[in-house]
Structure formats: structure tokens, C-alpha cells
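Where a number appears in this text, it was derived from the coordinates with a stated rule and is not lab data. Values in this document were obtained by computation on a predicted structure and should not be read as measured data. Don't worry about glycine lacking a Cβ; one is built from the backbone with ideal geometry, like all the others, and counts go over all protein chains shown.
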């Protein structure tokens with residue numbers, strides 16, 4: 001049963017132009033807002049004893065979990081970050097590097113949102 005409510009993602013003007021390079025903070029803010037608009041949560045993931053863990057844990061209803069490492073348009077993964085993403089994927093989790101609007105939308109699609 002549909003509630004008649006439509007969720008709309010509002011992009012800041014500086015993100016709408018495909019030619020604009022996004023900073024990591026902008027990517028992370030967009031990810032958090034997009035996950036929230038899709039009915040989920042994206043808390044910051046911090047593990048001082050485990051360097052290189054992804055920036056955000058993506059949580060959706062019915063136990064759907066993903067991990068996201070946010071990077072600016074020119075950001076690169078460290079060796080530890082790459083290892084964490086690889087290990088999480090090998091364990092069956094969705095673990096992605098998001099570096100812009102398109103990457104966030106692809107992650108949301110993988111999560112069924």
C-alpha cells in the first residue's frame with residue numbers, strides 16, 4: 001500500500017553540474033542525506049584500534065547493511081582502506097568507495113533504494 005509520499009533528493013547547486021569536482025565532505029554529506037531520504041541511517045564508523053575502516057556504515061530496514069568509504073573527486077584509497085573494502089566484500093558485505101553523486105546512487109541501487 002502506497003502512502004502517497006514521494007521522496008525527492010535535493011542536490012545543492014554546486015553538485016548538479018557534472019563538471020564540478022566534489023570534496024570528500026560534500027560526498028559524505030550527500031551520502032548521509034541520500035540514505036536518510038531512502039529510509040536508512042548512515043552513522044560515522046570509527047574504530048581507533050582498526051585503521052582504514054570505511055567512513056560510514058549504511059543501515060536499512062530488514063537488516064540490510066553496507067559500508068562506504070567516501071572520497072573526493074581526486075581521492076585515493078590507502079592500502080589499509082583497500083584491504084578493508086576487499087575483506088568486507090569477501091565476507092559478503094556491500095562495501096563501496098563513493099566519490100560523487102553517481103557512485104552514491106549506484107550504492108543506493110545495490111541496497112534496493
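Beta carbons within 10 angstrom, averaged per residue: use that to sort the peptides 66-74, 87-95, 33-41, highest first.
Top to bottom by mean Cβ count within 10 Å: 66-74, 33-41, 87-95.
Based on other C-beta atoms within 10 Å, arrange 96, 109 from fewest to most.
109, 96
Output the relative contact order of region 20-110, whole-number percent, from Cα pairs under 8 angstrom with separation of 6+ residues.
The value is 29 percent.
Assuming a ≥ b ≥ c are the square roots of the Cα gyration tensor eigenvalues, decide whether region 20-110 counts as rounded (a/c under 1.5), prolate (otherwise, with a/b larger than b/c) or oblate.
oblate
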